[in-house]
1. Here is a check on your reading of the model: is Gln469 assigned by TED's automatic domain parsing to the domain that holds Met203, surrounded by fewer than 22 Cβ atoms within 10 Å (Cβ to Cβ), within 21 Å of Leu397 (Cβ to Cβ) and under 24 Å from the mean Cα position of the chain (by Cα)?
2. Condition check: touching a Ser or Thr at 6+ places or on another chain (Cβ under 6 Å) and either farther than 30 Å from Pro152 by Cβ or surrounded by fewer than 24 Cβ atoms within 10 Å (Cβ to Cβ) (or both). Does Phe403 satisfy that?
3. Name the residues in region 168-192 that are surrounded by 20 or more Cβ atoms within 10 Å (Cβ to Cβ) and more than 18 Å from the chain's Cα centre (by Cα), would you?
4. Could you list, in sequence order, the residues of region 198-216 that are surrounded by 14 or more Cβ atoms within 10 Å (Cβ to Cβ) and either among the basic types (Lys, Arg) or within 16 Å of Gln507 (Cα to Cα) (or both)?
5. Hey, among Ala421, Ala428, Ala441, which residue is assigned by TED's automatic domain parsing to the domain that holds Leu503, surrounded by fewer than 22 Cβ atoms within 10 Å (Cβ to Cβ) and closer than 23 Å to Leu495 by Cα?
6. Please determine, by comparing only the residues of region 296-331 that are small (Gly, Ala, Ser) and buried (at least 22 other Cβ atoms within 10 Å of the Cβ), which one is farthest from Phe521 (Cα to Cα).
7. Can you tell me which residue among Gly535, Gly523 is modelled with pLDDT under 95 and either in the same structural domain as Pro401 (by TED's automatic domain parsing) or within 27 Å of Leu340 (Cβ to Cβ) (or both)?
8. Could you tell me which numbered condition Val112 fails, if it satisfies all but one of (1) of a type in the set (A, V, I, L, M); (2) under 28 Å from Gly523 (Cα atoms); (3) modelled with pLDDT of 95 or more; (4) surrounded by fewer than 19 Cβ atoms within 10 Å (Cβ to Cβ)?
Amino acid sequence: MRRAATLLAALCLLTAGLGPSAPPPAAAAGDPPALEDLATVPPGYRLSGREALAIAARAPRGAAERARLGRGRVFANVFVKPPGRWQVSWFERGTEREVVQVHVDDAGGRVVEDWTGPQVAWTMARGYSGAFGRAVNSPWIWLGLTALFVLPFIDARRGRRLVAVDLAAIASLGVSVAFFNDARIGVSVPLAYPPLLYLLGRMLWLGLRRPDPLEAAPRALVGVPALAGMLVFLIGFRLTLNVVDSNVIDVGYSGVIGGDRLGDGLDLWGTFPHDNQNGDTYGPVAYAAYIPFEQVLPWSGTWDSLDAAHAAAIAFDLTCLALLWHIGRRLGGTRLGVTLAYAWAACPFTLYVLDTNGNDGLVAALVLAAVAAAMARRAGSSGALVALAGWTKFAPLALAPLFAAWPGGPRSARRFALAFAGVTLLCAALVLGSGGLETFADRTLGFQESRDSPFSIWGQLGDGWAPVQTAVQAAAVVLAVALAFVPRRRDTVGLAALSAAILISTQLGVSHWFYLYAVWFLGPVFVAVLARGAGAVSPPPLRPTAPATARSRPRAAVVASSG
């Protein structure tokens, strides 16, 4: 099993070119037992448990929720929450479900937090300052990056006007983030869907229409030297911010735990510690990729600074930058290479992912590497990379039909299928040796299927909309298969656009969606939007034929077309 994990980690690093879905945070895991004697005044505290309960009972949101449920249907428990706080929780009788949670400051004798609804169980919905990425949430940083992301591409000339609109659609997700940071998830969640739907439609339009041979490639309004200088500055800024003012969320923590366990030859699924007990909800690649980082920067056994998670997130981010540079250079020279890398570096959402130090950058890197491999006509490599991306966070498995049908004929499709199957078998071997298939299915797909989440319109609308959600999910599957067969743009721009469309469509139907998932499709979106007209990868050349003789009629010239 250790050999399989090591081989999978090496394969992930090599094929993606690396150098040598998030589980919900539970409501305060590891709380001390409820206070039994409410007359007790704990050491170092001013209030007794009874006084804290009386103060908490006056919290307006909690009082309204208890009145709605019926006061006889709930009961209270009081917890000491060092340093200097009390937590008073009300539970529903019969279900034992926590329905109200109030925090009381002991020194001031006042309510400081008052939570009901999904914000009781989901601490990430409470708008705690800097909980996701710390300094990146500063309006100065976020708005500054948004300006650098959109303004250089505002161009009123024909054929270039929509570039700024496309980038602004991505940036508009920041409005949803602002409401999320203000703990207003009833507003933030619906606001995320219009940009996603716009991008889905736009990517389908770019991927299905025939390319215009006269179309000019979009360009930034500043020259290459200036754009390259801004790119270098942004890379340095991003790396510095990650080191000095970022945090590791549970997703990154789970990668380090998994890398440690796989590296030591231990079971993984069903064995995670209590402070991240649902961290084993991802595919095997999500953990195997952390093995080299955890071996160099070993895990201490606690949720500390987690240097390995920082190192992994930086490596994933730099890989995405390098891959966009490479794709751009191949398609349109230095200018396009710098432009694509700049778009990634200036986008606030890529910094958001970097500074939460999770594993979504790994998915983004593997998807971009698959696009680069397909562009180079390496069907086997693209098959391995799509499989690696899929066995990280499952949704990219939907890319397999599109990449398998990439122009190249049956031989290329067979190479893709063999490489895809090989990686899948390797992942299966790792799963069988690290907890077993049944445990793996229960801890990953079973957990994802059974949990309720307020971070999608489906979670907020309730069970009555389940048939509609199922229809959206089915439509995503149909789209992923259909795009492999319908007439489409058969160049790298078309592949990138349709890859992004597939990934967006899979995200529209999930019960738990978060902003970090956007980077899965952002790289292909940048290629589709900014590389239009810059060049195309033609289908494989025709087999050479013998030169025409004087007696034979000359063959008509065959012109390779990217349409």
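1. Working: assigned by TED's automatic domain parsing to the domain that holds Met203: yes; surrounded by fewer than 22 Cβ atoms within 10 Å (Cβ to Cβ): yes; within 21 Å of Leu397 (Cβ to Cβ): yes; under 24 Å from the mean Cα position of the chain (by Cα): yes.
Considered against the rule, which asks whether it is assigned by TED's automatic domain parsing to the domain that holds Met203, surrounded by fewer than 22 Cβ atoms within 10 Å (Cβ to Cβ), within 21 Å of Leu397 (Cβ to Cβ) and under 24 Å from the mean Cα position of the chain (by Cα), Gln469 comes out as yes.
2. Numbers: touching a Ser or Thr at 6+ places or on another chain (Cβ under 6 Å): yes; either farther than 30 Å from Pro152 by Cβ or surrounded by fewer than 24 Cβ atoms within 10 Å (Cβ to Cβ) (or both): yes.
When the stated conditions are applied, Phe403 passes them.
3. Ile185
4. Those that are surrounded by 14 or more Cβ atoms within 10 Å (Cβ to Cβ) and either among the basic types (Lys, Arg) or within 16 Å of Gln507 (Cα to Cα) (or both): Tyr198, Leu199, Leu200, Arg202, Met203, Leu204, Arg209.
5. Working: Ala428 fails: closer than 23 Å to Leu495 by Cα; Ala441 fails: closer than 23 Å to Leu495 by Cα.
Of the residues listed, the single one that is assigned by TED's automatic domain parsing to the domain that holds Leu503, surrounded by fewer than 22 Cβ atoms within 10 Å (Cβ to Cβ) and closer than 23 Å to Leu495 by Cα is Ala421.
6. Selected residue: Ala308.
7. Numbers: Gly523 fails: modelled with pLDDT under 95.
Going through Gly535, Gly523 in turn, the sole match is Gly535.
8. The number of the failed condition is (2).
The values are calculated or read from the model by the stated rules, or taken from the named source; none is laboratory data. The model shown is predicted, which means the values in this text are computed figures rather than measured ones. Virtual Cβ from ideal backbone geometry, glycine too; neighbours counted across all protein chains shown.
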